[in-house]
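This report concerns only the one structure given below.
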Amino acid sequence: MTHASNPLLEPPRWTQALLLHALPDESLRDAILGDLHEEFLHDVADVGVRRARVRHVSRATGIAARAVFDSAVCQSWVSTEPAAEVRPAAVSGAAHPAFGDSLLVVLRRVRAIFGAASFSILALFAVVVGVVVNTMLFSAAEPRSPRASSAAGIGGVALLLASVALAAIVLCVGPRWRRKRLRGA
Amino acid sequence: MLAILQLGDDAYAPNIARHLDATIDRSVSRGALYSCLNQLERKGLLRWRVDEPTPERVGHARRFYQVSARGVRALRIARDSQLMLWRGLEGILGAAK
């Protein structure tokens with residue numbers, strides 16, 4: 001009888017959900033989940049299902065607590081690159097692997113920029129610059145010349161709108177991407 | 001790191017924990033073990049590779065650790081330092097088992 005045929009021979013699922021949230025690194029999380037499952041099956045054979053579940057919960061909560069603590073203190077629990085990949089490579093939809101890889105790197109870097117706090121500050125700075133330039137354009141334009149005034153006004157408003165849109169994108173989308181990335185989604 | 005060297009190609013986290021338990025009779029919490037492995041890895045003292053997922057692990061890969069060249073150098077330095085400190089203490093502590 002395999003463990004898949006009997007739900008009692010599976011570890012509690014909430015521990016898996018807990019580790020999904022506690023461990024940001026997908027590769028490390030995958031290895032830890034596998035280790036825990038393997039140890040659970042060994043414990044079931046050694047000490048029975050009930051004690052195996054207790055041990056599993058103890059291990060999973062211990063790992064989650066340590067990972068959260070370490071991440072808060074020293075930003076650890078993020079893997080380096082593997083020494084050698086034995087696992088077969090996933091099938092990629094990209095026609096050219098090198099191009100696909102570099103595109104992925106670019107996307108990751110763009111996401112990292114959007115998620116960074118410095119980018120939010122830059123966006124706020126852009127809003128301030130937009131407001132200032134807009135004010136300057138309106139003040140520099142001759143109030144008695146309606147054509148110059150309207151051209152300067154349109155330019156200023158467009159600049160202001162662009163700044164606001166940029167700030168909105170960063171403030172709304174950037175942190176969400178960052179949260180997803182941290183969850184390993 | 002010594003346990004990883006002793007385990008050779010079979011050094012993955014549960015095995016490392018079992019090995020420590022069997023050889024020095026010390027139970028290591030999994031949180032401490034993974035945290036330690038992660039820190040050593042970040043310092044460049046350990047390297048890792050993944051193996052094929054097995055049905056026993058419900059599709060999750062197994063991560064094997066190995067001591068890097070830098071890690072071996074660090075172990076040599078640590079051993080030499082310790083041997084220097086242990087020297088001349090046999091009269092007090094007795095001979096090693």
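A short reminder: the numbers here are calculations on the coordinates, not readings from a lab. The structure presented is a predicted model; accordingly, all values stated were derived computationally and were not measured. Cβ: placed from backbone, ideal geometry, glycine included. Neighbour counts: every protein chain shown.
Restricting the range A:10-71 to GluC sites (Glu not before Pro) that sit in a DSSP loop and have at most 15 other Cβ atoms within 10 Å of their own Cβ leaves nothing. Principal-axis analysis of the Cα atoms of chain B puts helix B:13-24 at an angle of about 30° to the longest axis. If R0 is 25 Å, the Cβ-Cβ spacing of A:Val73 and A:Glu26 corresponds to a FRET efficiency of close to 0.70.
By the count of other C-beta atoms within 10 Å, a proxy for reagent exposure, B:Lys97, B:Lys43 are ordered fewest to most as B:Lys97, B:Lys43.
Compared with the direct C-alpha span, the chain from B:Ile92 to B:Arg18 gains 23.4 nm at full extension, assuming 0.36 nm per residue.
Only the Cβ atoms of Lys and Arg (+1) and of Asp and Glu (-1) were treated as charged; on that basis the dipole of chain B about its Cα centre amounts to roughly 380 debye. Seen from A:Trp14, the other residues with C-beta closer than 14 Å to its C-beta sum to a net charge of +2, counting Lys and Arg as +1 and Asp and Glu as -1. Classify the range A:13-73 as rounded, prolate or oblate from the Cα gyration tensor: take a ≥ b ≥ c as the square roots of its eigenvalues, call it rounded if a/c is under 1.5, otherwise prolate when a/b beats b/c and oblate if not. Cα axes put the range A:13-73 in the prolate bin. For chain B, adding -39500 (n - 2.57) for each run of n ≥ 4 DSSP H residues and dividing by the number of residues yields -16500 deg cm²/dmol at 222 nm. Shape verdict for the range B:15-75, please, from the Cα gyration tensor: rounded (a/c under 1.5), prolate (a/b greater than b/c) or oblate. Oblate.
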